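A.B. asks: Before I ask anything, let me first share the structure, which is written out below as structure tokens.
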Amino acid sequence: MGTLLFTELGEHCAKSDCAQLDFLPFKCDACQEVFCLEHRKYAAHDCPKAANKSDTNFVLLCPLCAKSVKLVANQTSDQVLETHLSSTACDPSHYEKVHKKPRCPVKGCREVLTFSNKVRCKDCHVDVCLRHRYAAEHKCERVPIGGVNKGAGLKLLEKLAARPAHGCAQEVAKEKGGLKGGAKGSGGGTGFLNLWSY
């Protein structure tokens, strides 16, 4: 089997009048023989063990639960569907899950959520539209309504108020001897540059 370079590669078709060397052979699941592309179907190689097999797999969609139901050999589609409807696998509540489009849960927003406009909140793990992606916009339960950094913002303002009245710019101006030219208008505003050039 195979070629001169690759002797172990590929297999010959088991159909007696073909015997084609195939590098991607098909194994029949009924008779367990190996066939080429042309003879891979049951009817093409006259499979003796394919009485209960079909060449194609078909499914039906259940009108009640929207699940796919595989057709069984030697049964009509009505018989297969009737068996499915009488079983516990048929759940009518599943139909709504399949056909109902998810929408943004924010009150008053009717935006349909798709893969491109859906955001999952990191705090409450709720899918919302892009308009309501911030915690304050969708009233996130894990974050206060005022915002994520409301407490941190107040602490920052308190620290700034506690700082000394003079700033860094005034200290640099004192070291350089005051503003040169920038305050009087002469020099074309070079005082600002002099102020910041160390």
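No value in this document is a laboratory result; all are computed from the given coordinates. Model, not experiment: these values are computed from the prediction. So basically every Cβ, Gly included, is an ideal-geometry build from the backbone, and we count neighbours across all protein chains shown.
A.B. asks: Enumerate by residue number the trypsin sites (Lys or Arg not before Pro) in the stretch 79-122 meeting two conditions: DSSP loop (anything except H, G, I, E, B), and at most 14 other Cβ atoms within 10 Å of the site's Cβ.
C.D. replies: Listed in order of number, the matching sites are K100, K107, R110, K122.
A.B. asks: Give me the one-decimal nm value for the distance between modelled label points at A136 and Y95, 7 Å along each residue's Cα-to-Cβ direction.
C.D. replies: 4.5
A.B. asks: At R0 = 35 Å, how high is the FRET efficiency between V59 and A19 if r is their beta carbon distance? Nearest 0.05 is fine. Could the numbers behind the result be given before it?
C.D. replies: Working: r = 36 Å, r/R0 = 1.03.
It comes to 0.45.
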